[in-house]
Amino acid sequence: MNMQHTYNIKGIIRASFIGLVLAPVGIDVDAQVDTLKNVIDRDVDVVNTYLPTIINPHKLQVEPSMDDTTHYKPTFKYGIMGRVEAVNTAPDSLTAAKMKFPKEESLYNALVKIGGGNDDAIGEFWYNIPQNEDYHLALNIGHQSCFGKIKMPDDEEVKAPKHHTWVDVDFARFLEKLRFSGKLNFNNSIYSCYGFHTLSADNYLTQSLKPVSIAREKILLDEKQRNTEFDLTLALANPNRDVREKTTFNASVNYGLFTSKAGINQSGINFDGRVRFPIKSNYLFDIGVAVNQFKVTVPNDKNEVYEYAERKHVDVPINPHFGVDFDAIQLRLGARMILEFGGEEDNIYVQPDFKADFNIADGLVRLNLGMTGDYDANSYRSLIHENPYLSPDMTNYVWSSSDVYGILGNKTEIKTTQKPFRFDAGVRVAFTRKVEMHLGIEYGSFDDEIFFVNNAWKSVTASNDTVVGYYNRFSVVRDNGKHFQAKGELLIEPSDKVHILLNAGYNSWKTNYIEEAWYKPGYEIGLNAWVKPTKSLSIELISNVIGNRYALNMTTGETEALDTILDINMGAEYALTDRWNLFLELSNIASQDQVRWMGYSTHRFGAMAGITYKF
């Protein structure tokens, strides 16, 4: 059943709901945390992994997926038991969840890491003030460079330099009844486009359509790319977690800034909040409200650089629901309403929000059912996180679904991806305290989902204006359809020195216009294992298989199957003393040419070794 409704009410919405926007007491830094206490308590075994750096237990934040495809990992999304989470609307590939492997206790607050290998060099610094009753502070600064050449399918070697610099600061102040916290993140990535063709006007546009603006030609044809991001988040919450007895709230505000070498600037402010009211024992009312705003501006050089003005977007999701919390059953019943301003028209989207969780056999078996909705306010910043080779003239516009090949012309404005409904069901079985299994399925619909295709140029001299080539930047198309997903994971922890997580996912896509769900994997399998054979030695293995992916070959106009990706990585750390540690990281052990994006080969086998010092 499609629960989505859209209305054209440009002026009325803005005035009518401003009170709702300002009304909540708090804005949620954990806006999607379930109101159900038991759900919160049991959903702590698995977290998203920071995969590019294998041995890095000190990393504060997950690094943006802007990283080199050398270490491409699938993006499993595991939430099959427990809580309702707001994930990216686009039914993306499942992301391999990673356990919270235990960290060694350290007597030292600072650590320096230096390493190098056949392709990469890295340097990092951490400083942590241990959490106490009053405050917490952590700092991580690092830089990683990759200089190695990449071998293309025709055996030609090309330079593919990549440089990444980051600064992460995480702090908290603990008061008697409040917790004030903040995060500061800075990321700067410099890399090159090195795909099928060199970036020249002859490959991008036909002779008669060559750009007359020097600025446009420089922006579109420069191989060197640079993306810089800055985010500052401040949050306030009361620390009480037993929402069945006391009112709790979370409040956060975030300012984000993104700039690129192409002159694209995106800034935004986001407010997010949730308040939970106990009606009486075991009965709760919960309401969450957020305001997400961003603005994208582009260079304005002679008007030939781009053909459109800046884009502004505001969305206001409102999510009230009623909860019932007993030991044997937990229910939530509500709705999600999204008010969207900007673009071609203002819209309201209404989506269901229902979740039921059943505790069977004292928690040894848990069943869950749910029907929810989702959305993703697409922007250049969010899209380039997924595909770093996105063309800079795609800032505001995408190809319409009827123009599936992305030929010049027929552009429409980027739209928010809507997921009007998503049905999910799952089971969690604890065979013993050392073995646990999760199984789940999801089925839902999506509107205006984003898919990537290589940029094309077509011959204006050919009789039928056919596509005669493509080059190494990407455009996007949008389409509607349905998505089915089956997923599972097996967690094995025979001791505190051995942790094994197996996960797998199967995806089936049905699209209305395009032939295949471009670049979306049909199946994914992951293995994450950590062992500590001796007191001084730790070993970790991360392996992923990604298969059944398709891309559109812009030269032939035909669908092309991409090779299955087998990505095997391993790392080891050996403690020489309490202060000095040696580490070794091996990437792409199978030495496979992992084609994440058509036209882009990746680094083969990589090795990095180094040392860390604590003080």
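The values are calculated or read from the model by the stated rules, or taken from the named source; none is laboratory data. What you are looking at is a predicted structure, and each value in this text was computed from that prediction instead of being measured. Here the Cβ is made from the backbone with ideal geometry for all residues, glycine too, and neighbour counts use every protein chain on show. These area figures cover heavy atoms from the full protein model, side chains too; ligands, DNA and RNA do not enter into them. Shrake-Rupley method; radii C 1.70, N 1.55, O 1.52, S 1.80 Å.
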Test result for Pro494, part of a strand (DSSP E or B) and loosely packed, with under 14 Cβ neighbours inside 10 Å: yes
Of all residues making up the range 273-292, the number that are over 19 Å from His385 (Cβ atoms), open to solvent by 30 Å² or more (accessible area, probe 1.4 Å) and part of a strand (DSSP E or B): 7
Filter pass, Gly363 being under 28 Å from the mean Cα position of the chain (by Cα), open to solvent by less than 40 Å² (accessible area, probe 1.4 Å), modelled with pLDDT under 80 and at positive phi: no
Subset of the range 563-589 [open to solvent by 20 Å² or more (accessible area, probe 1.4 Å) and in contact with a Lys or Arg (Cβ under 9 Å, 6 or more places away or on another chain)]: Asp563, Thr564, Ala575, Asp578, Arg579, Trp580
Test set (1) more than 26 Å from Phe474 (Cβ to Cβ); (2) outside any strand (DSSP E or B) - Tyr574 fails condition number: (2)
Residue match in the range 519-527 (condition: open to solvent by less than 70 Å² (accessible area, probe 1.4 Å) and over 21 Å from the mean Cα position of the chain (by Cα)): no
Matching residues in the range 334-348 - criterion: being modelled with pLDDT of 85 or more and either touching a Lys or Arg at 6+ places or on another chain (Cβ under 8 Å) or not in a strand (DSSP E or B) (or both): Phe341, Asp346
Some residue of the range 601-610 being surrounded by fewer than 17 Cβ atoms within 10 Å (Cβ to Cβ), part of a loop (DSSP other than H, G, I, E, B) and not hydroxyl-bearing (Ser, Thr, Tyr): yes
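Restricting the range 503-514 to residues that are surrounded by fewer than 17 Cβ atoms within 10 Å (Cβ to Cβ) and out of contact with any Gly (no Cβ under 7 Å at 6 or more places or on another chain), which is modelled with the lowest pLDDT?
Ranking the candidates gives Tyr513 first.
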Residue among Leu552, Leu541 that alone is open to solvent by 20 Å² or more (accessible area, probe 1.4 Å) and either modelled with pLDDT under 95 or within 23 Å of the chain's Cα centre (by Cα) (or both): Leu541
Pairs, first free of Cβ contacts under 8 Å to residues at least 60 places away in the same chain in the range 548-562, second aromatic (Phe, Trp, Tyr) and surrounded by 13 or more Cβ atoms within 10 Å (Cβ to Cβ), C-beta under 6 Å, six or more apart: Asn548/Tyr523; Arg549/Tyr519; Thr559/Tyr550; Ala561/Tyr550
Condition check for Arg274: under 26 Å from Thr417 (Cα atoms), at pLDDT below 90 and touching a Ser or Thr at 6+ places or on another chain (Cβ under 9 Å): no
Which numbered condition Phe186 fails, given (1) over 16 Å from Gln225 (Cα atoms); (2) at pLDDT below 95: (2)
